[in-house]
Ligand SMILES: [Zn+2]
């Protein structure tokens, strides 16, 4: 970076050497006419240019790139399945991403109201060539790795790469990636992809794509088939005496669905939904008296057997239970011991095993991330979750996965951990390049923000010292 100095070029002894010291050079950052944002974009573009110049990629026909771009445009929802590019949206998003100022600076500004502009031409299926810088702008905008662009054929995967999660709440493997194959169809109405996910447990769901966020992986558009595991769990819950609503909640469906399948499976619990329930509530004074007596009886039974569960109490006085169940269910639910025991039993078995399994997967994912070349990534729960396709599970249920949680606590990077990781990497890289290792260079290469620099200087100093002493140790 060049700065103005106080030493004039003319009218001075030109044979005298003046070193560029801080005192001699006015460091006046305000003079910089570019905003940080624009500077960063220029810097990124420079990096991409350097990359493409340094690595000699094989030549490829223009058509090849256009196909790759189209695949990525589909992924971003900027082209539909049939390959029609949503030009207006593309232009708006692109300009929004780079900003007018920056685009003008690299002589690639775009008038989004005009039908003719370089970006439209670049993505269109034609033989026209475009300036490499414009390709690079599009490549970065689409989030494509230059290396992959040349070495990989992109496939449009509206539901990401498998395996995919089973979303059957009744299965032991709920939220685990058990589905290896999916059918993708195209919905002609919405012109969007539709995935059919069928698990070996029989649970089959349809999801409208494409996935925009990790969370979408857990959204069901429609259940095609619940399957035998789900049905037998429904039967089991009904036998335990759980209420219609409780079962619906556990199986993540609405009560009407539970009722429908209960009927199909020949389970008669006298469940009623909706309107019928309300009608029932209109009891006469006569019924009111019976009701109060029944309530009293139920409470007495509980105080007589304070340790018994709802199911056990039901067995002790089935008639009483059934009367309350049919006529006064809300009260019964609110005034009965919870079925905690039973519930915990289910959960304990499921979660313990899942914890173990996830722990190993997470460990593997972490070492994979750490082994990767290039600038280190910050290890976070969500990064690991994304890598494994279980982000939602890790973020929402980590408390149920103690083994995994304990491990994650030791490997997740806080800001400082991550800064030090980058610094170590920067020193290592500079060593590789035989560059002279200076603190300011390390800071810049590691991408440490100005406000953190002071705090880290002594740490870097000791790391550099360590490095010169122990050679490859870093
Ligand atoms: Zn399943």
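Here are some notes:
- Qualifying residue in region 252-259 (condition: crowded, with 17+ Cβ neighbours inside 10 Å and within 16 Å of the ligand (Cβ to nearest atom)): yes
- Helices (runs of 4 or more DSSP H) fully within region 341-449 counting 1 or more residues that are touching a residue at least 60 places away in the same chain (Cβ under 8 Å): 381-388, 391-397
- Filter pass, residue 83 being touching a helix residue (DSSP H, G or I) at 6+ places or on another chain (Cβ under 7 Å) and closer than 25 Å to residue 148 by Cα: yes
- Just so you know, in region 374-396 the residues that are out of contact with any helix residue (DSSP H, G or I) (no Cβ under 8 Å at 6 or more places or on another chain) and modelled with pLDDT under 85 include one that is surrounded by the most Cβ atoms within 10 Å (Cβ to Cβ), and it is 396.
- Output for region 123-132, where each listed residue is more than 31 Å from the chain's Cα centre (by Cα) and surrounded by 15 or more Cβ atoms within 10 Å (Cβ to Cβ): 130
- Every residue from region 34-59 that is surrounded by fewer than 12 Cβ atoms within 10 Å (Cβ to Cβ) and part of a loop (DSSP other than H, G, I, E, B): 55, 56, 58, 59
- Any hit, region 224-231, residues being touching a strand residue (DSSP E or B) at 6+ places or on another chain (Cβ under 6 Å) and without any contact (Cβ under 8 Å) to a residue 40 or more places away in the chain: yes
- Residues (outside any strand (DSSP E or B) and over 15 Å from residue 174 (Cα atoms)) located in region 216-230: 216, 221
- Of the numbered criteria (1) assigned to a helix (DSSP H, G or I); (2) within 29 Å of residue 212 (Cβ to Cβ); (3) under 32 Å from the mean Cα position of the chain (by Cα), the one residue 63 fails is (3).
The values are calculated or read from the model by the stated rules, or taken from the named source; none is laboratory data. Predicted model, so just to flag it, every value in this text is computed and none were measured. Cβ atoms come from the backbone with ideal geometry, glycine included; neighbour counts cover every protein chain shown.
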